[in-house]
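Laboratory data are not the source of any read-out in this text; all were calculated from the coordinates shown. Bear in mind the structure is a predicted one, so any value in this text is a computation, not a measurement. Ideal geometry is used to build each Cβ from the backbone, glycine not excepted, and the neighbour counts take in all protein chains shown.
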Amino acid sequence: MRIPRFYINSKIGVGQTILLENQQHHHLAKVLRKKRDDLVTLFNGTGPEFLGKIDETCAQKTKIKIIDISQSTKTPRIKIKLGMCVLKREAMNSAITKCTELGVSEITPIFSDFCSVPKKLIAKKKQHWQKLAIFACEQSGLNLIPIINEPISMENWFKRSKEQAFIAIQTGKKLEATLTENSSVYLLIGPEGGFSQSELDLSIREGAIPVKFGDRILRAETAPIVAISMLYNAAGEF
């Protein structure tokens, strides 16, 4: 049986007692109906995960005694730093969740010329997107939570991209890169309406490599999943 897994925003150590409250307590005690001496896995996003045993379940909280530690992070050997032009609500939520499950190291929401979401709404979404990334790590077994950066312009994103950068466009060439272990790559994915000509010109000036990830036209929320999977395959992850 799968051991329940929860993110804790605090230090965790063997021998320590951790309290689960509110939604986490409700899910563990009321939904999963876990009881004293049942096992629970906890992680705090810094790398290791911890095995705990339920010590006590009260009306409002559950006490977990930490009994062991594992250093396995399940983190991919290459770091993919995703620049994701902001999509409509459900599409963006889905993209962030799935890209986190695949193991990207960071996600930067990007304002783009053809973005259909108002900037004032985008600015309020960072905390929500970070929560989605945490939930995805709880589900997928990853211990390192990707950073969700503040939304920025495409020009500023390129200023951050110090390593090899790819831009996903249908007119690009097929991916032929061989990625080495512990390398970092930047990947730029466009919005529902695609990139404007000025954005494509900017990417060329910044040295981004135009690549396509197959011959089919993909939805904006599907494209990063396919692209990330192919990059990992090029690095020998799959």
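Things to note:
- Considering the chain, its Cα convex hull presents a mean projected area of 14.0 nm².
- Cα pair count fraction exceeding 20 Å, expressed as % - segment 5-70: 17
- Unsatisfied cross-links (Cα-Cα over 24 Å) in the set 35/98; 81/131; 79/174; 119/162: 35/98; 119/162
- Under a 5 Å amide H cut-off, with hydrogens placed 1.01 Å from N, residue 184 pairs with 79 among residues at least 5 apart or on other chains.
- With both residues required to sit in the chain, DSSP beta bridges show an antiparallel share near 40%.
- Quotient of C-alpha Rg and 2.2 N^0.38 Å, computed over segment 67-149: 1.17
- Comparing 82, 202, 144 in a Gaussian network model of the chain where C-alpha atoms under 10 Å apart are linked, the largest mean-square fluctuation is found at 202.
- Where the Cα pairs of segment 97-206 fall when distances are cut into 5 Å bins, in %: 2, 10, 19, 20, 22, 16, 8, 2, 0
- Length added when fully stretched, residue 69-residue 27, from 0.36 nm per residue minus Cα-Cα: 12.8 nm
- Cα-centred dipole magnitude for segment 5-70, charges only on beta-carbon of K, R (+1) and D, E (-1), debye, nearest 20: 200
- In a DSSP loop and with at most 15 other Cβ atoms within 10 Å, the trypsin sites (Lys or Arg not before Pro) in segment 1-39 are 2, 11, 33, 35, 36.
- In a fully extended conformation the segment linking residue 233 and residue 56 would gain 59.3 nm over its present Cα-Cα distance, using 0.36 nm per residue.
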